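Data block below; observations after.
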Amino acid sequence: MKKEELGQLILASEDTMYHVAKTLLYNDADCADAIQEAIVRAFTKLHTLRQDSYARTWLIRIVINECYAIMRRQKRIISLEAYKREETRQTEDYTDLYEAVRQLPEEIRICVTLYYMEGYSVKETAYILKVTESAVKNRLARARAALRRELDEAVT
């Protein structure tokens, strides 16, 4: 793959990269940082891409790794007041569905985002997350059950 092709792939995958980053990082500035770092890393590590057919999956994996790197760097203590202010401000921007998905554990949340929101198959999701296909299916089933319970609690 050439750098021009990678540039086109990045432009075509903007929304996907943002959705994946937003699943792991709640702050838009952190999402932008992760995406920028992933783009830089993709251009510098382009020679490591083995097959062009996996370029999009490879790019998403880089975004996920950059998100985890930002999360590791941000492990710090904040005041409870600041946390509540930030949480209140961010929850106003999202629908009830996004809020329910955000309440899921991280490993399940990323599966839901890749499978339902981004349209990756179970096989592709398993490849991106480096887990088995049955693990992806189990996580999706747990997510559906948790969301169903959440809906039942909201209705009653």
How much accessible area does R109 have with a 1.4 Å probe, in Å² rounded to the nearest 10?
20 Å²
Keeping to pairs on different chains or 8 or more places apart, tell me how many lysine pairs in the chain have Cα atoms under 28 Å apart.
19
How large a share of the accessible area of the chain, in percent, is made up of carbon and sulfur atoms when the probe is 1.4 Å and the other protein chains stay in place?
51 percent
With a 1.4 Å probe and every protein chain left in place, work out the accessible area per residue of the chain in Å², rounded to a whole number.
65 Å²
Would you calculate a helix-derived [θ] at 222 nm for the chain, using -39,500 (n - 2.57) for each DSSP H run of n ≥ 4 and dividing by the full residue count, to the nearest 500?
-23000 deg cm²/dmol
To the nearest 10 square angstrom, how much accessible area does Y26 have with a 1.4 angstrom probe?
80 Å²
Which whole-Hz ³J(HN,Hα) couplings does segment 145-156 yield from phi under the Karplus relation 6.51 cos²θ - 1.76 cosθ + 1.60, θ = phi - 60°, glycine and proline marked x?
5, 5, 5, 5, 4, 4, 5, 4, 5, 6, 6, 8
From Cα pairs below 8 angstrom and at least 6 apart in sequence, can you work out the relative contact order of the chain, rounded to a whole percent?
24 percent
Quick calc, M1 & A141: beta-carbon distance into FRET formula, R0 30 Å, rounding 0.05, result 0.25
Using a ≥ b ≥ c from the Cα gyration tensor of the chain (square roots of the eigenvalues), is it rounded, prolate or oblate, where a/c under 1.5 gives rounded and otherwise the larger of a/b and b/c decides, a/b for prolate?
oblate
Computed on alpha carbon atoms, what radius of gyration and Dmax characterise segment 8-71, expressed in Å?
11.0, 33
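The values are calculated or read from the model by the stated rules, or taken from the named source; none is laboratory data. If you're wondering where the values come from, they're calculated on a predicted model, not measured in any experiment. Neighbour counts run over all protein chains shown; Cβ positions are idealised from the backbone, glycine included. Quick note on the areas: whole protein, heavy atoms, side chains included, nothing else; ligands and nucleic acids left out. Shrake-Rupley method; radii C 1.70, N 1.55, O 1.52, S 1.80 Å.
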